[in-house]
Structure formats: C-alpha cells, structure tokens
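Note sheet for the following structure.
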Amino acid sequence: MSENKFENVSSVVDSYQQADELFDEILNDSHLSATWQRYHLMGDVMRGETSDVINLDLSSNIASAIANEPTILAPRPSNNVVGKLKAKVVQFAKPFGQMAIAASAAGLMVMGVQQNSADSDVLLPASQVVKTMPFGGIAEPVSLNFQQTSRTSEKQAFIEQQRRFQALLSDHHQQVKLSSVDATSSTQQDKAEESAK
C-alpha cells in the first residue's frame with residue numbers, strides 16, 4: 001500500500017476530508033480497516049476519551065513471533081583440564097609474586113636510604129633543612145644552637161639500622177619458606193582428593 005492511502009485514512013479520521021470511495025476501500029481491505037481502527041484508538045487516547053481498560057489481544061501475535069524466532073543452540077560445556085590446571089598454577093604462584101614485589105620494593109627503599117645517607121656526608125646549602133623527625137625515628141630538637149651528634153653515634157645508628165634490616169630480611173625469607181611449604185602441602189592434598197574421586 002502506498003503512503004498516500006495512509007495519509008488519506010488519517011485525514012478522514014481527523015475529519016479533514018470526505019471520501020466515500022475511500023470508505024468502500026476501507027471496508028473491503030482488512031489492512032486499511034485495521035489502520036482505521038488504530039487511528040481512531042490513537043485519537044481517542046490523545047483526547048482522553050478512552051475507557052480505563054483497553055482490551056488488546058496481543059497473545060496470538062506474541063506467540064507467532066516467538067514461533068518464528070530461530071533456535072539458538074549453545075555448545076555443551078567442555079571438561080577443560082588445561083584451563084583448570086592453569087587456574088591452579090596461577091592460584092599457587094600468586095602469593096610468591098606478591099612477596100617478590102614486596103621484597104623488591106623494600107630492597108629498593110633500603111638501597112635508596114643507603115645511597116641518601118652516603119650522599120649526606122657533603123652538605124649542600126639547598127639541603128640544609130631542619131629535620132624534626134629523622135629516618136632513625138629519634139626526634140631532634142629544632143634550634144639553631146643544637147649541636148650535631150658525633151660521627152661515632154651516627155655510625156652506631158647506621159649499624160643498628162642495618163641490623164634491623166637484616167632481621168626483617170631473614171624474617172621475610174622464613175615467611176617465604178613457610179608459605180611455600182603450606183602451598184606444597186595444599187597442592188598435595190588437592191591431588192590426593194582428585195585421585196580419590
């Protein structure tokens with residue numbers, strides 16, 4: 001059907017024109033008759049002249065649309081042994097990677113502190129800032145009359161700092177060993193459970 005016929009039906013519904021031959025065509029054509037009903041319903045809704053309940057039977061149209069839908073077959077899930085193994089390897093190695101990153105960051109920090117303390121022997125005018133809380137954790141008074149500590153006490157503080165660092169490093173190594181033993185035992189338990197199945 002042409003767009004012109006729909007415009008003519010719309011203008012007759014809106015009472016803009018009179019067309020007796022169009023009425024005969026609407027009565028004989030089911031598509032134009034349905035269009036005529038829809039246009040009247042739309043006009044009634046826009047003017048607020050409809051009842052509270054509109055009886056539209058859409059179930060047959062919906063049922064036919066569903067029947068015409070193509071069937072989509074989903075593939076069956078496969079028993080992917082490689083994917084499961086890969087997931088377990090990632091789960092096993094993840095804590096080691098985290099500890100390696102933490103150890104690397106701590107090592108870089110210590111190296112930076114050592115480099116900074118080695119460079120601090122030569123005082124430049126720009127680096128003469130009053131420190132209220134030094135790296136060692138001992139508060140120093142803020143005063144122009146304050147005397148610097150001697151070289152021997154600085155060396156002792158540095159040795160103490162190195163001793164604490166070595167203790168932390170050995171503790172870290174012990175933690176790595178313990179976590180690897182725990183991970184190995186849990187992997188062996190997983191294998192035993194899988195073989196029992």
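The values are calculated or read from the model by the stated rules, or taken from the named source; none is laboratory data. Only a predicted model underlies this, so the values are computations on that prediction, with no experimental measurement involved. Don't worry about glycine lacking a Cβ; one is built from the backbone with ideal geometry, like all the others, and counts go over all protein chains shown. The protein model used for the area step is the full one, side chains on, heavy atoms only, and it has no ligands, DNA or RNA in it. Shrake-Rupley method; radii C 1.70, N 1.55, O 1.52, S 1.80 Å.
For this structure, a couple of remarks:
Okay, residues lined up against (1) at pLDDT below 85; (2) touching an Asp or Glu at 6+ places or on another chain (Cβ under 8 Å); (3) among the acidic types (Asp, Glu); (4) under 30 Å from LEU178 (Cβ atoms):
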position	(1), (2), (3), (4)
GLU69	no, no, yes, no
ILE72	yes, no, no, no
ARG76	yes, no, no, no
ASN79	yes, no, no, no
PHE92	no, no, no, yes
GLY97	no, no, no, yes
GLN114	yes, no, no, yes
LEU124	yes, no, no, no
SER127	yes, no, no, no
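- If you go through the range 43-87 and pick out every residue that is assigned to a helix (DSSP H, G or I) and within 30 Å of LYS191 (Cβ to Cβ), you end up with 7.
- Counting only residues that are open to solvent by 70 Å² or more (accessible area, probe 1.4 Å) and closer than 19 Å to ARG163 by Cβ, the range 93-114 holds 2 of them.
- If you go through the range 53-76 and keep only what is more than 20 Å from ALA34 (Cβ to Cβ) and in contact with a helix residue (DSSP H, G or I) (Cβ under 8 Å, 6 or more places away or on another chain), you end up with nothing.
- The set of residues from the range 17-66 being open to solvent by less than 90 Å² (accessible area, probe 1.4 Å) and aliphatic (A, V, I, L, M) comprises ALA19, LEU22, ILE26, LEU32, ALA34, LEU41, VAL45, ILE54, ALA63, ALA65.
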